[in-house]
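The values are calculated or read from the model by the stated rules, or taken from the named source; none is laboratory data. These numbers were taken from a predicted model, which means no experiment stands behind them. All Cβ positions, glycine included, derive from the backbone under ideal geometry; neighbour counts span all protein chains shown. Accessible surface areas use protein heavy atoms only, side chains included; no ligands, DNA or RNA. Shrake-Rupley method; radii C 1.70, N 1.55, O 1.52, S 1.80 Å.
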Amino acid sequence: MRFDRLRAIVATDDGGPVPRRGAQGLWRRTALLVRHPVTWVVVASFAVYATYSVSRWRQYLPAGYDLGIFDQAVRAYSEFRAPTVPLKGIDFNVLGDHFHPIIAVLAPLYWLWDDPRALLVAQAALIAVSAIPVWHFARRRWTGHIATALSVAYVLGWPLQGMADFDFHEIAFGVPLLAWAIDALDRRRDVELAVAAGLLLLVREDMGVVVLVLGLLRVLARKPRWPGWVTAAVGVVVFVLLVEVVIPAFAGTGYQYWEYPVLGSGPGDAIRTMLTHPWSVIQNFFVPGTKSVTMLVLLAPLLLLPLASPITLVALPILAERFLSDRDLLWTTEFHYNAPIWAILFFGAMDGLFRIQAHVIPARARAGTVRAVVGVLVAVPLAAMLPLAGNSAALFPLARLTTGAAWTLGGHIADQAAAVASVPPGTCVAADDRLAAHLTRTNRVTVPGVPAPTPDYVLLDRSQPEPGNPYPVEKWRDPTTQQAYSAAIAAGFRVIGTYGDVVVLRGPAAQGATAACGPAAP
């Protein structure tokens, strides 16, 4: 029986078995891989996302926060140094910000191509490969055509587009790992679930609570229960250790992202508040209305189908982390925050559709209903990306590829490029956030307002009200562009180049290239 099953798994489309050894077997397997529909989904989505990300680089859209930060961190890993990031401060170890050692696996890319664009291309690959578990999850329920269509709908989801539209972020690793974990849970593969959960714990500290929920779902799924209990316990323990011990040890201070006045001063207070004042917590989850709008925009393209699946519970910790925070930028549809939630909700939508199909829809109408639903899931993002879709690029930024906006290089971009080119390599630079990522490959770079040694050069873009991170959470606050310019002049800097709105100033103590001002400087 097992041998027959193996033969069925490796059989070609015409029913012939694939040789398991030798050159013939290798060629047959390669041919099957090339012909597999999910391969084309992965390749096409990678090409689209990589092209879009590189187009943003050419237009000076990626910023120091966050592409420059991760470029400095991964470059440090590639040189076997601690991941110190000048853009965050003097001797700032980025593991004291968020715990994401998984980004170190990208270090070999810098041995081949020492450039921040390597991270953009890597992120495109992470998005693309996350479609593989989606396809297999769908294929176990429906035909190959339906599975392929669902994979396309998934990779075109607006939250994945939003992540690609916001530079690079460690959460890009969480997307395929969450997809793998949910698929492993569905396939009853405990070892794979454990590996995926373990890797999630290296993505970011908050993934510990996500692993807790994955473990609890495993407990409810089947016997034996102990693998689920172990997974859940590990998630909780790792989360507490990272937030209370590991991250503060690297930062030298407390965990700076606990910003939940509605819950209390720490995880212990949060648990007590949830137990004693649950209604207050629920109310704050949906109010103000921005949070409810974001929830609706997440669920509406999926036709509310995730609400019919327990898989959706995996998204609750991430949603609670965002919506119970007092940082309003976490409540919106912008940035990268919605990408891991989309991965979870899409699996929930597929599972919800299958449950509704099996228990609600009459047998004679099931096939047609599924085709209609899948057609809508695919049509919505495709229609939003058409040139006639109006302002859809705000939510579906890949539309910039079809409207031509991604290919436009205006005069201000030429001015930015000229200003960056005027800065000698190996010098210390304080640059506008929009320019910083283009200098981290050759210089020690920070932004005005962040503690740093006196720079050799200051680059300011007067078209921007602030030169630094527009969403700071650190103790210092960014100066305005005019304040930064006035402070530089008062310190003896002089203007050596004006390129449209971009001004380049040279410091009185600038001495040319030094090791302390190279890209490897802490």
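What is the Cα convex hull volume of region 394-483 when expressed per residue in Å³?
Roughly 125 Å³ of hull volume per residue.
How large is the dipole of region 369-522 about the Cα centre if only Lys and Arg carry +1 and Asp and Glu carry -1, each at its Cβ, rounded to the nearest 20 debye?
The dipole of region 369-522 has a size of about 240 debye.
What number do you get for region 70-195 when its Cα radius of gyration is normalised by 2.2 N^0.38 Å, N = residues?
Ratio of Cα Rg to 2.2 N^0.38 Å: 1.23.
How high is the FRET efficiency from Trp40 to Thr332, r the C-beta distance, R0 51 Å, rounded to 0.05?
Efficiency, from the Cβ-Cβ distance: 0.90.
Remind me, what semi-axes does region 155-202 give for its equivalent ellipsoid, largest first in whole Å, using sqrt of 5 times each Cα gyration tensor eigenvalue?
They are 24, 13, 4 Å, listed largest first.
Let a ≥ b ≥ c be the square roots of the eigenvalues of the Cα gyration tensor of region 274-402; is it rounded (a/c under 1.5), or, if not, prolate (a/b larger than b/c) or oblate?
In terms of gyration-tensor shape, oblate.
Per the 1.4 Å probe, what fraction of the accessible area of region 363-522, in percent, lies on carbon and sulfur atoms?
The computed percentage sits at 60.
For Gln482 and Val262 in one chain, what is 0.36 nm times their gap in residues minus the Cα-Cα distance, to one decimal in nm?
My answer for the length gained is 75.5 nm.
Which of the peptides 331-344, 134-147 is most tightly packed, and how do the rest follow, going by the mean number of other Cβ atoms within 10 Å of each residue?
Highest-to-lowest ranking by the protection proxy: 331-344, 134-147.
Please determine, in degrees from 0 to 90 and to the nearest 10, the orientation of helix 289-299 with respect to the longest principal axis defined by the Cα atoms of the chain, where the helix direction is its Cα long axis.
That works out to roughly 50 degrees.
Residue by residue through region 184-191, which ³J(HN,Hα) values in whole Hz follow from phi under the Karplus form 6.51 cos²θ - 1.76 cosθ + 1.60 (θ = phi - 60°), with glycine and proline marked x?
5, 4, 5, 8, 6, 9, 5, 5
Mind checking the angle between helix 37-58 and the chain's longest principal axis? C-alpha axes, 0 to 90 degrees, to the nearest 10.
Relative to the chain, helix 37-58 is tipped by roughly 10 degrees.
Would you mind getting the accessible area per residue of region 401-522, heavy atoms of the protein chains only, 1.4 Å probe, in Å²?
Averaged over the residues of region 401-522, the accessible area is 43 Å².
Return the inverse of the average 1/r over all pairs of distinct C-alpha atoms in the chain, which is the Kirkwood hydrodynamic radius, in Å to one decimal.
24.9 Å
Give me the log10 of I(q) over I(0) for region 363-522 at q = 0.20 Å⁻¹, as the Debye formula computes it from C-alpha points; what are the numbers?
-1.19
Which value in deg cm²/dmol, rounded to the nearest 500, describes the helix-derived mean residue ellipticity at 222 nm for the chain, given -39,500 (n - 2.57) per DSSP H run of n ≥ 4 and division by the residue count?
My calculation for the chain gives -16000 deg cm²/dmol from helical runs alone.
Per residue, how much accessible area does region 106-169 have with a 1.4 Å probe, in Å²?
With all protein chains present, region 106-169 gives 30 Å² per residue.
If I take every Cα pair under 8 Å that is 6 or more residues apart in the chain, average their sequence separation and divide by the length, what percent do I get for the relative contact order?
Normalised by residue count, the contact order of the chain is 16 percent.
Heavy atoms only, probe 1.4 Å: what % of the accessible area of region 193-343 goes to carbon and sulfur, would you let me know?
Looking at region 193-343 in its full context, I get 73 percent from C and S.
Please say if region 347-425 is rounded, prolate or oblate, where rounded means a/c under 1.5 for a ≥ b ≥ c the square roots of the C-alpha gyration tensor eigenvalues, and otherwise the choice is prolate for a/b larger than b/c and oblate otherwise?
Judged from the Cα gyration tensor, region 347-425 comes out prolate (a/c at least 1.5, a/b above b/c).
Give me Rg/Rg_expected for region 194-343, where Rg uses Cα atoms only and Rg_expected = 2.2 N^0.38 Å with N residues.
Against the empirical 2.2 N^0.38 Å value, I get 1.08 for region 194-343.
Angle check, please: helix 117-129 long axis (alpha carbons) against the longest principal axis of the chain (alpha carbons), in degrees 0 to 90, nearest 10.
The helix 117-129 is inclined about 10 degrees to the chain.
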